[in-house]
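Peer 1: Dumping the structure here so I can ask a few things about it.
The values are calculated or read from the model by the stated rules, or taken from the named source; none is laboratory data. Just so it is clear, the model here is predicted, and its values are computed rather than measured. As a convention, Cβ positions derive from the backbone with ideal geometry for all residues, glycine included, and neighbour counts pool all protein chains shown. All accessible areas refer to the heavy atoms of the entire protein, side chains included, with ligands and DNA or RNA removed. Shrake-Rupley method; radii C 1.70, N 1.55, O 1.52, S 1.80 Å.
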Amino acid sequence: MIILAIETSCDETAVALLEINRGYFKVLANLVASQINIHKKYGGVVPEVAARKHLENMLPILDKALKQAKVTPKQIDAIAVVYGPGLITSLIVGVEAAKTLAMVWDKPLIPVNHVKAHILANYLKGEQGKLEDIKYPALCLVVSGGHTSLVLLNDPNDLKTIGSTRDDAVGEAFDKAAKIMGLGYPGGPIISKHAENADKEDYKLPRPMIHSKDFDFSFSGLKTAVKYEWEKERFKDEKNIRKMCAAFQQACIDVLIAKTLSAAKHYNVKAILLGGGVSANRELRLQLAAKVKDELPKVIFSQPDLHLTTDNALMVAVAAFFETQGGLAKFRDNWKNVKVDPNLEV
Ligand code: KG4
Ligand code: ZN
């Protein structure tokens with residue numbers, strides 16, 4: 001089965017072609033046209049600009065992906081597209097492109113939830129090989145610019161959110177903390193770079209909701225604490241920037257790990273997964289892996305390959321593959337039916 005997948009939920013125009021046969025996969029193409037350099041100037045994604053860029057990028061990137069994969073439209077079995085959650089103006093471009101292709105080429109169209117795609121990216125390790133054997137029930141910590149949640153999975157299509165952020169997403173907090181210190185956009189990679197080998201104990205920051213009995217998060221107070229501490233700081237030099245980045249990053253990681261471990265114990269899961277843009281964070285990956293090994297040695301820990309942590313279309317293709325386990329028939333006329341849903345939930 002060959003799936004062509006499209007993702008335009010935020011500021012990356014992404015197209016991928018994935019082949020899956022009897023539990024084995026091969027990446028035929030995985031392209032991302034990033035708009036980071038455009039949005040950098042504004043310190044965040046400007047929806048109107050993002051949508052226009054998606055429109056400009058869509059046909060060239062589709063063409064390039066098909067050429068790279070050496071696949072003709074005839075060989076494609078299904079088209080997959082993210083229909084939510086995300087920015088409505090961005091989602092529309094991908095969904096309309098996918099619907100048009102599905103109609104013209106007469107293909108089934110599989111609508112995919114963006115958050116679910118981040119989670120199921122864990123099935124793909126490397127460029128080809130066997131799909132990962134994920135044990136269920138599994139718990140996924142989803143951390144991105146738009147989401148921070150704990151999702152319980154009984155199988156790839158049975159997902160339930162058991163906790164989520166009550167205000168800012170953790171990626172958003174990284175982006176805002178970086179902005180407070182004047183470090184640029186997106187904040188996640190910049191903060192993690194500055195935090196390397198820096199003293200994380202010097203600034204004292206809160207760990208919001210770390211002891212609450214539920215599995216929810218809150219990051220807006222932490223961001224505000226960074227703001228107050230930074231305003232008080234007389235010496236805003238490189239050394240202090242590095243210390244603040246390290247303190248902030250560790251505060252986020254402490255809360256994320258504590259909540260994930262307590263949910264994993266509560267639901268007695270067999271696997272803990274990580275997903276979303278913030279799962280590119282090296283310290284989070286290392287510390288969560290170490291903590292699982294230490295406290296839950298029987299639980300398997302999985303994190304997505306680095307290039308599949310931030311938005312991409314390959315994760316959309318693999319999620320679509322699992323959607324089609326009951327056959328392709330019900331997706332046949334979907335080019336008429338699929339609608340964007342910016343607030344789609346898991
Ligand atoms: O999943 P993603 O590409 O888009 C959304 O679905 O939101 O996530 C983007 C987010 C941004 O907030 C970015 O700052 C964050 O992921 N991010 C990181 C790192 N790399 C990207 N956060 C922390 N550490 C990183 N290394
Ligand atoms: Zn994402």
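Peer 1: Can you tell me which residue in segment 292-341 is surrounded by the most Cβ atoms within 10 Å (Cβ to Cβ), limited to those that are assigned to a helix (DSSP H, G or I) and aromatic (F, W, Y)? Let's see the steps before the verdict.
Peer 2: As a first pass, look at segment 292-341 and keep what is assigned to a helix (DSSP H, G or I): 292-295, 306-308, 314-326, 329-331, 334-336.
Within this subset, residues satisfying the condition of being aromatic (F, W, Y) are 321-322, 331, 335.
Working: F321: 25, F322: 17, F331: 23, W335: 20.
So the residue we want is F321.
Peer 1: If Y136 meets every condition in (1) away from ligand 1 (no atom under 16 Å from the Cβ); (2) closer than 29 Å to N337 by Cα apart from one, which number is that one?
Peer 2: Here Y136 meets the rest and fails (2).
Peer 1: Out of the residues in segment 35-85 meeting the condition of being of a type in the set (S, T, N, Q) and part of a helix (DSSP H, G or I), tell me which one is farthest from G327 (Cα to Cα).
Peer 2: Step one: of segment 35-85, the residues of a type in the set (S, T, N, Q) are 35, 37, 57, 68, 72, 75.
Restricting the remaining residues to those that are part of a helix (DSSP H, G or I) gives 37, 57, 68, 75.
Details: N37: 41, N57: 32, Q68: 28, Q75: 17 Å.
The selected residue is N37.
Peer 1: Right, next: What are the residues in segment 250-276 that are open to solvent by 10 Å² or more (accessible area, probe 1.4 Å) and either within 16 Å of ligand 1 (Cβ to nearest atom) or among the small types (G, A, S) (or both), if any?
Peer 2: Once the filter is applied, which keeps residues that are open to solvent by 10 Å² or more (accessible area, probe 1.4 Å) and either within 16 Å of ligand 1 (Cβ to nearest atom) or among the small types (G, A, S) (or both), segment 250-276 yields Q250, D254, I257, A258, S262.
Peer 1: Take the residues in segment 277-291 that are of a type in the set (A, V, I, L, M, F, W, C) and surrounded by 18 or more Cβ atoms within 10 Å (Cβ to Cβ), then tell me which one is farthest from T8 (Cα to Cα).
Peer 2: Ranking the candidates gives L288 first.
Peer 1: If only one of V292, V338, V346, V299 is within 15 Å of ligand 2 (Cβ to nearest atom) and touching a residue at least 24 places away in the same chain (Cβ under 8 Å), which one is it? Break it down stepwise before answering.
Peer 2: Working: V292 fails: within 15 Å of ligand 2 (Cβ to nearest atom); V338 fails: within 15 Å of ligand 2 (Cβ to nearest atom); V299 fails: within 15 Å of ligand 2 (Cβ to nearest atom).
Just a single option satisfies the conditions, and that option is V346.
Peer 1: To continue, here is another question. Right, T8: under 19 Å from the mean Cα position of the chain (by Cα) and outside the structural domain of T148 (by TED's automatic domain parsing) or not?
Peer 2: Numbers: under 19 Å from the mean Cα position of the chain (by Cα): yes; outside the structural domain of T148 (by TED's automatic domain parsing): yes.
Yes; evaluated as a whole, the condition is true for this residue.
Peer 1: Moving on to the next point. Do we have any residue at all in segment 124-137 that's within 16 Å of ligand 2 (Cβ to nearest atom) and open to solvent by less than 50 Å² (accessible area, probe 1.4 Å)?
Peer 2: The answer is yes; a qualifying residue exists.
Peer 1: Another question, then. Any idea how many residues of segment 8-55 are within 27 Å of L131 (Cα to Cα), buried (at least 16 other Cβ atoms within 10 Å of the Cβ) and away from ligand 1 (no atom under 16 Å from the Cβ)?
Peer 2: 8
Peer 1: Out of (1) β-branched (V, I, T); (2) part of a strand (DSSP E or B); (3) open to solvent by 60 Å² or more (accessible area, probe 1.4 Å), the odd one out for I110 is which?
Peer 2: Result: I110 passes all but (3).
Peer 1: Taking the options G188, G182, name whichever one is on the phi > 0 side of the Ramachandran plot, modelled with pLDDT of 95 or more and either away from ligand 2 (no atom under 16 Å from the Cβ) or of a type outside the set (V, I, T) (or both). Walk me through it before giving the result.
Peer 2: Working: G188 fails: on the phi > 0 side of the Ramachandran plot.
None of the other options fit; the residue is G182.
Peer 1: Look at segment 185-195 and say how many of its residues are in contact (Cβ under 8 Å) with a residue 60 or more places away in the chain and open to solvent by 40 Å² or more (accessible area, probe 1.4 Å).
Peer 2: Matching residues across segment 185-195 total 1.
Peer 1: Are there any pairs with C-beta distances below 6 angstrom linking a residue in segment 308-328 that is free of Cβ contacts under 8 Å to residues at least 24 places away in the same chain to a residue that is within 16 Å of ligand 1 (Cβ to nearest atom) and part of a helix (DSSP H, G or I), with the two at least 6 apart or on different chains, and if so which?
Peer 2: none
Peer 1: Does G275 qualify as being closer than 30 Å to L101 by Cβ and touching a Cys at 6+ places or on another chain (Cβ under 6 Å)?
Peer 2: On the way: closer than 30 Å to L101 by Cβ: yes; touching a Cys at 6+ places or on another chain (Cβ under 6 Å): yes.
Yes.
Peer 1: So which residues in segment 228-249 are in a helix (DSSP H, G or I) and exposed (fewer than 15 other Cβ atoms within 10 Å of the Cβ), if there are any at all?
Peer 2: Step one: list which residues in segment 228-249 are in a helix (DSSP H, G or I), which gives 228-232, 238-249.
Scanning segment 228-249 gives Y228, E231, K232, E238, K239.
Peer 1: Can you find a residue that is outside any helix (DSSP H, G or I), hydroxyl-bearing (S, T, Y) and under 29 Å from A264 (Cα atoms) anywhere in segment 189-204?
Peer 2: Looking through segment 189-204, none of the residues is outside any helix (DSSP H, G or I), hydroxyl-bearing (S, T, Y) and under 29 Å from A264 (Cα atoms).
Peer 1: Out of all the residues in segment 141-161, which are more than 13 Å from ligand 2 (Cβ to nearest atom) and either within 18 Å of N268 (Cα to Cα) or surrounded by 24 or more Cβ atoms within 10 Å (Cβ to Cβ) (or both)?
Peer 2: Selection gives L141, L150, V151, L152, L153, N154, D155, P156, D158, L159, K160, T161.
Peer 1: Continuing with the same structure: Given the criteria in contact with a Cys (Cβ under 9 Å, 6 or more places away or on another chain) and modelled with pLDDT of 95 or more, does L314 qualify?
Peer 2: Against the criterion (in contact with a Cys (Cβ under 9 Å, 6 or more places away or on another chain) and modelled with pLDDT of 95 or more), L314 does not qualify.
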